[in-house]
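Just so you know, all these numbers are worked out from the coordinates, no wet-lab data involved. Predicted model only: the values in this text are computed from it and were never measured. Positions of Cβ are backbone-derived with ideal geometry, glycine not excepted, and every protein chain shown enters the neighbour counts.
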Amino acid sequence: AQDTKDKNTQAPAVPTVTLTIDGRETTVPKGTTVLKAARAMGIHIPTFCWHPKLKPVGSCRMCYVQIEKMPKLAVSCATEAMDGMVVYTDTDEVKRGRRAIIEFILMNHPLDCPTCDKGGECDLQNLTFAHGVDDSRFDFRKYRFTKGASTTFDDKRIGPEIILNRNRCILCYKCVRANKEAFGEYDLGVYERGNIAEINAAPGEQVDNPFSGNLVEICPVGAL
Ligand code: FES
């Protein structure tokens, strides 16, 4: 009778899927993303917008991988692992794709690493070095935000603990998502579209919550 009771109270088995990443087979719970499956195997895939505690949005495209039978490169942070999937994380095509993403980000990002507070611990700087990209083919003038007509600098205080430099922002939305999803705060947002899209404090407000220091930490570049 005890046996029957134990069997009845056992948690149902979690469904799993088996896929191959870089020639090695792995089995993961259904619903796991390709990125998480790869990381669990010790395979590093670069990311900007992904964070383990936030819902994936696939906005930066840095985590490209190649998946057999898929016509284009896929973002591994927002692609669910499927049974029988064959994934490659380090092919020439993947490297070309990631290089193109960095080049695209550098289109407007200033190359001011020597004077940037994040210099030396910046994800963009590290990945730029790692991928051998030092410039962008987009050779028109970079779009520039300025604090006011009398200055070419953008540094502006948006809260007691945060100074924002919109020119350095790569629009990964990590800060805005963390503020909402993890901290339950709504005082930081994204405004406008395209080149002039900007992260900023909500109109008339300051980003002033007990977690605002964490937002500076979570920014992968020196924008906050
Ligand atoms: Fe996957 Fe940004 S990390 S799209």
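Its convex hull of Cα atoms gives segment 130-224 a direction-averaged projected area, equal to a quarter of the hull surface, of 7.5 nm².
Among 47, 16, 32, the largest mean-square fluctuation in a Gaussian network model of the chain, built with springs joining Cα atoms closer than 10 Å, belongs to 16. Annotation note: GluC sites (Glu not before Pro) in segment 132-224 located in DSSP loop regions with a Cβ neighbour count of at most 11 within 10 Å are 192. Across the alpha-carbon set of segment 6-84, the Rg to Rh ratio works out to 1.05, Rh being the Kirkwood radius. Its residue count N fixes a reference of 2.2 N^0.38 Å for the chain, and the Cα radius of gyration divided by that reference is 1.22. Taking the three principal axes of the alpha carbon atoms in segment 90-136, the coordinate ranges are 34, 19, 11 Å, sorted in descending order.
Distance from the Cα centroid of segment 196-218 to that of segment 173-191 is 7 Å (rounded to whole angstrom). Distance between the pseudo-spin-label points of residue 53 and residue 68 (7 Å out from Cα toward the beta carbon): 3.9 nm.
Greater than 31 Å separation of Cα atoms is the criterion. Which listed pairs, 95/118; 30/180; 69/118, meet it? Long pairs (Cα-Cα over 31 Å): 69/118. With N the number of residues in segment 175-224, Rg(Cα) / (2.2 N^0.38 Å) evaluates to 1.10.
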